[in-house]
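The values are calculated or read from the model by the stated rules, or taken from the named source; none is laboratory data. Every value quoted in this text rests on a predicted model; they were computed, and no experiment measured them. Every residue, glycine as well, gets a Cβ built from its backbone with ideal geometry; the counts of neighbours run over all protein chains shown. With ligands, DNA and RNA removed, areas are computed over all heavy atoms of the protein, side chains included. Shrake-Rupley method; radii C 1.70, N 1.55, O 1.52, S 1.80 Å.
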Amino acid sequence: MKKPKLGQHFLVGEVARHSIAGALGDISTRTVIEIGPGHGAITSILAGRCRRVIAIELDRALAAELRFQFRAHPHVEVVEADILEIDLAALVPPGETADVIGNLPYYITSQILLRLFAAGTRGVLARAVVMMQREVADRLAAAPGIRDYGLLSATAQMNARVETLFTLPPAAFSPPPDVFSTVLRLEFAPRFDELGVDAAGFDAFLKSCFAQKRKTLANNLRAAGLSQDALQAAWPAEIPPLARAESLPLEPMAQLYRALKSHQPAWRSAS
């Protein structure tokens, strides 16, 4: 049954569950962290394919059900915990990386993604195959200049290569949600070093750049406390004066960030 407070919709499509598990590729030597395993539709496939499964389930009754279901599989560990509170790094042995799979609850999708990106930046995670509301997935995969491109897009693409795999209808779940769901594959590949920016400062900078979608990039940065003189001194020729953040690739955004720090050494982030 659905438990509205947890936003649970359980995957029931046979082809879909195998396609999602298969999207991780060869996991015979891998640790896979599963978010929200529910009744174990995907866990049962992972159990026969990977070295170790760590299933993180918030629902106490479901966690107990999973422990009983996989009692004969010592490499399947069920952790009753909130994915937003658990330390992912503590689940992975030093020097190793893990993969992630899961149907992300719609109401906390962005928060979970931010935790995954942070773990990817720390070298804890290698890839993820995650399912989410189609509209959110479209935003993650959107290119600059597309209407869906925004802060979530930029953040995702600073941290990972985003690949859209397929979309599932409501009928693939029980009970069926009111929306379509899209499966993405994320290959964690942080670009902070490549673009010459520090992660914390650039993340804060992006938040300021995208603060108000209808405002130009310059206006958003002025609203964040940067002076007109500082912006003029640092503004790259590659960025049109009236450009909006959603029209710009990450490279010129990083160029502007580096220039601002160069012209104002004491400035750390436009927050």
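Mean sequence separation of contacting Cα pairs (under 8 Å, at least six apart), scaled by the length of the chain, corresponds to a relative contact order of 16 percent. Rounded to the nearest Hz, the phi-derived 3J(HN,Hα) couplings of segment 254-261 under the Karplus curve 6.51 cos²θ - 1.76 cosθ + 1.60 (θ = phi - 60°) are 5, 4, 5, 4, 5, 5, 5, 5, where x marks glycine and proline. Across segment 25-89, the mean sequence separation of Cα contacts (distance under 8 Å, 6 or more residues apart), normalised by length, yields a relative contact order of 32 percent. With the simple spin-label model, which puts each label point 7 Å out from Cα in the Cβ direction, the Leu165 to Ser19 separation comes to 1.0 nm.
For the chain, the average shadow cast by the Cα convex hull is 15.1 nm², which is a quarter of the hull's surface.
Take 38-46, 54-62 and order them by the average number of nearby Cβ atoms within 10 Å per residue, most first; the result is 38-46, 54-62. Given their separation in residues at 0.36 nm each and the Cα-Cα distance between them, Ser28 and Ala233 gain 68.4 nm when the chain is fully extended.
The charge dipole of the chain, taken about its Cα centre with unit charges on the Cβ atoms of Lys, Arg (+1), Asp and Glu (-1) only, comes to about 360 debye.
Please report the base-10 log of the normalised intensity I(q)/I(0) for segment 173-271, using a Debye sum with one equal scatterer per alpha carbon and no solvent, at each q in 0.19, 0.23, 0.24 (1/Å). Debye intensities relative to I(0), on a log10 scale: -0.89, -1.24, -1.34. Cβ-Cβ distance of Glu194 and Glu135, R₀ of 25 Å, FRET efficiency by 1/(1 + (r/R0)^6): the value works out to about 0.30.
For segment 148-200, compute Rg over Rh where Rg is the Cα radius of gyration and Rh is the Kirkwood radius from the inverse mean 1/r over Cα pairs. Radius of gyration over Kirkwood radius for segment 148-200 works out to 1.15. Dipole check for segment 11-120: with +1 at the C-beta of Lys and Arg, -1 at the C-beta of Asp and Glu, and the Cα centre as origin, the magnitude is about 260 Debye.
Residues with beta-carbon under 12 Å from that of Arg67, excluding Arg67: net charge, scoring Lys, Arg +1 and Asp, Glu -1? Overall, the nearby charge balance is -2. Relative to the 2.2 N^0.38 Å rule of thumb, segment 66-172 has a C-alpha radius of gyration ratio of 1.19. If you wrap the Cα atoms of segment 75-128 in a convex hull and average its projected area over all directions, you get 4.0 nm².
Placing unit charges on the Cβ atoms of the charged side chains and taking the dipole of the chain about its Cα centre, the candidate lying farthest along the positive direction among Ala211, Leu66, Gly102 is Ala211. Using a/c under 1.5 as the rounded threshold, could you call segment 1-133 rounded, prolate or oblate? The axes a ≥ b ≥ c are square roots of the C-alpha gyration tensor eigenvalues, and prolate needs a/b larger than b/c, oblate otherwise. Because its axes are fairly even, with a/c under 1.5, segment 1-133 counts as rounded. When the chain is treated as a GNM with alpha-carbon contacts under 10 Å, the residue of Glu96, Glu246, Glu85 showing the greatest mean-square fluctuation is Glu85. Taking N as the residue count of segment 184-223, its C-alpha radius of gyration divided by 2.2 N^0.38 Å amounts to 1.44.
The Glu80 and Ala224 beta-carbon pair, evaluated with R₀ = 41 Å, returns a calculated FRET efficiency of approximately 0.50. Between Ala64 and His39, the simple spin-label model (points 7 angstrom out along Cα→Cβ) gives 1.8 nm.
Modelled spin labels at Ala211 and Leu114, positioned 7 Å past Cα toward Cβ, are 1.7 nm from each other. Annotation: per residue accessible area for segment 141-236 equals 46 Å², rounded to a whole number [probe 1.4 Å, protein chains only].
Per-peptide packing, taken as the mean over residues of other Cβ atoms within 10 Å, places 143-154, 221-232 in the sequence 143-154, 221-232 from highest down. Between the residues Leu165, Gln232, Ala141, the greatest Cα displacement towards the positive end of the dipole of the chain, with unit charges on the Cβ of Lys, Arg, Asp and Glu, is found for Gln232. Taking only protein heavy atoms and a 1.4 Å probe, the accessible area of the chain is 54% carbon and sulfur.
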